[in-house]
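Novice: Pasting in a structure now, in structure tokens, and then I'll have a few things to ask.
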Amino acid sequence: MCKKDIAVATHGITKIYGGIKRVDDVSLSVRKGEIYGLIGRNGAGKTTLIRMILGIAAPSSGSVELFGETAPKALAEVRRRTGALIEQPAFYPRLSAEGNLKAYCLAVGLRSADIPALLKLAGFEDTGKKQVRNFSLGMKQRLAIAMAMAGEPDLLFLDEPVNGLDPTGIFQVRELIRRLNEERGVTVVISSHLLGELGRVATAYGVMREGRLIKEVRGEELASLSRPRIRVVVADRERAAAAFAKRYAAGEYVMRENVIDIFAPAEKLAETGVWLMNEGVPVLQLSAERGDLETAFIDML
């Protein structure tokens, strides 16, 4: 991968708060044009990492690279090409979407912003003078994204953009993100713990656990994570664990409490059942499952 194709990279970036490494030696890369899903449980370090990339927080060690730039002065300049939604912005509740966008653009010095285009982008061309205090949470989130896009950035960071939204709001925000990427060519980095929703839009992933980036997944490897599996629910976990350890290598199955997923096609179902019976492992359920990214990422987390 050529360096000019990378929008964001971090090199061994670390952040220590109160003697604890909140982000620990993270080196990631986001390619231009990707929708990059940064996933992990709450407290995994996703927001802290984004804040360091944006220059809101200073790393304890390591460095940030944006569009090939690493020098502080050059980074400050290139960050002008970056939009972000890290926390819900403060709206003027008695103003309309248009009024809030105008106020925001004036506040940050974006006097040439195309307000009608932003309203159309976020789906507010028909809301007229409806006040933001009467907006749904999903509408407010779309307005916040429109604000982040006011400077026409090439790179957009969204921290938990669908958290707390109802299904309609999630769909609308998801489609807005997809349009930004496909129609405007915006590279998008989304942090979230809602794996099912990310799976509908992301084209690459970084998996974080306890402050560390444990894996980046894209392309063919991403497709392989959706491989089919045979799911076994057992009554005796210890007996099953001993049997599986003898038959399968690490990575060929995953065991969570009394549920075991074997990465094998449905054709192996009968054979697996016979083997379990011969091993004396009591089986409560045996089924063939379609592979899905959410389950695969949960295994990593």
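The values are calculated or read from the model by the stated rules, or taken from the named source; none is laboratory data. Note that this is a predicted model, so its numbers are computed, not measured. Every residue, glycine among them, receives a Cβ derived from its backbone with ideal geometry; neighbour counts consider all protein chains shown.
Novice: Give me the pairs, please: first residue somewhere in region 25-43 and closer than 17 Å to R178 by Cα and in contact (Cβ under 8 Å) with a residue 24 or more places away in the chain, second residue anywhere and aliphatic (A, V, I, L, M) and in a loop (DSSP other than H, G, I, E, B), beta-carbon distance under 7 Å, and either six or more positions apart or on two chains.
Specialist: Close Cβ pairs (under 7 Å, with a partner that is aliphatic (A, V, I, L, M) and in a loop (DSSP other than H, G, I, E, B)) amount to R31/M1; I35/V201; I35/A202; Y36/A202; G37/A202.
Novice: Pull up region 85-112, narrow it to residues that are closer than 19 Å to G123 by Cβ and of a type outside the set (A, V, I, L, M, F, W, C), then point me to the one that is modelled with the lowest pLDDT.
Specialist: First, pick out the residues of region 85-112 that are closer than 19 Å to G123 by Cβ: 85, 88-89, 91, 95-102, 104-105.
With of a type outside the set (A, V, I, L, M, F, W, C) added as a condition, the list becomes 88-89, 96, 98-100, 102, 104.
Values: Q88: 74, P89: 77, S96: 94, E98: 92, G99: 93, N100: 92, K102: 92, Y104: 90.
My answer is Q88.
Novice: Taking the options E183, E160, name whichever one is in the same structural domain as V78 (by TED's automatic domain parsing) and free of Cβ contacts under 8 Å to residues at least 24 places away in the same chain. Outline the logic, then answer.
Specialist: Numbers: E160 fails: free of Cβ contacts under 8 Å to residues at least 24 places away in the same chain.
Answer to the selection: E183.
Novice: Please find, within region 188-212, the residue that is surrounded by the most Cβ atoms within 10 Å (Cβ to Cβ) out of those that are within 9 Å of the chain's Cα centre (by Cα) and assigned to a loop (DSSP other than H, G, I, E, B).
Specialist: A202
Novice: Show the residue pairs that are 6+ apart or on different chains and have beta-carbon atoms under 8 Å apart, the first residue being within region 52-66 and of a type outside the set (A, V, I, L, M, F, W, C), the second being part of a helix (DSSP H, G or I) and buried (at least 17 other Cβ atoms within 10 Å of the Cβ).
Specialist: Correct list of pairs: G55/L75; G55/R79; P59/M52.
Novice: Collect the residues in region 121-139 that are of a type in the set (K, R) and modelled with pLDDT of 90 or more, keeping them in residue-number order. Reasoning before the result, please.
Specialist: The first filter runs over region 121-139 and keeps only residues of a type in the set (K, R), leaving 129-130, 133.
The answer is K130, R133.
Novice: Hand me the list of helices (runs of 4 or more DSSP H) wholly inside region 213-301 holding 2 or more residues that are more than 24 Å from the chain's Cα centre (by Cα) and at pLDDT 85 or above.
Specialist: Per the criteria, 237-247, 269-278.
Novice: Further question on the same structure: Quick check on region 69-84. Is at least one of its residues closer than 21 Å to A202 by Cβ and touching a Lys or Arg at 6+ places or on another chain (Cβ under 8 Å)?
Specialist: no
Novice: When both residues are 6+ apart or on different chains and their Cβ atoms are under 9 Å apart, which pairs have a first residue that lies in region 92-119 and is within 21 Å of R179 (Cβ to Cβ), and a second that is outside any helix (DSSP H, G or I) and of a type in the set (V, I, T)?
Specialist: From residues that are within 21 Å of R179 (Cβ to Cβ), the pairs are A97/T127; E98/T127; L119/T127.
Novice: If I go through region 1-55 residue by residue, how many of them are surrounded by fewer than 14 Cβ atoms within 10 Å (Cβ to Cβ) and either among the aromatic types (F, W, Y) or in a strand (DSSP E or B) (or both)?
Specialist: The total comes to 3.
Novice: Next question, about the same structure. Has region 59-80 got any residue that is in contact with a Phe, Trp or Tyr (Cβ under 8 Å, 6 or more places away or on another chain) and not in a helix (DSSP H, G or I)? Walk me through it before giving the result.
Specialist: Taking region 59-80 and keeping what is in contact with a Phe, Trp or Tyr (Cβ under 8 Å, 6 or more places away or on another chain), we get 78.
Applying the additional criterion that residues be not in a helix (DSSP H, G or I) yields none.
No - not one qualifying residue is present in region 59-80.
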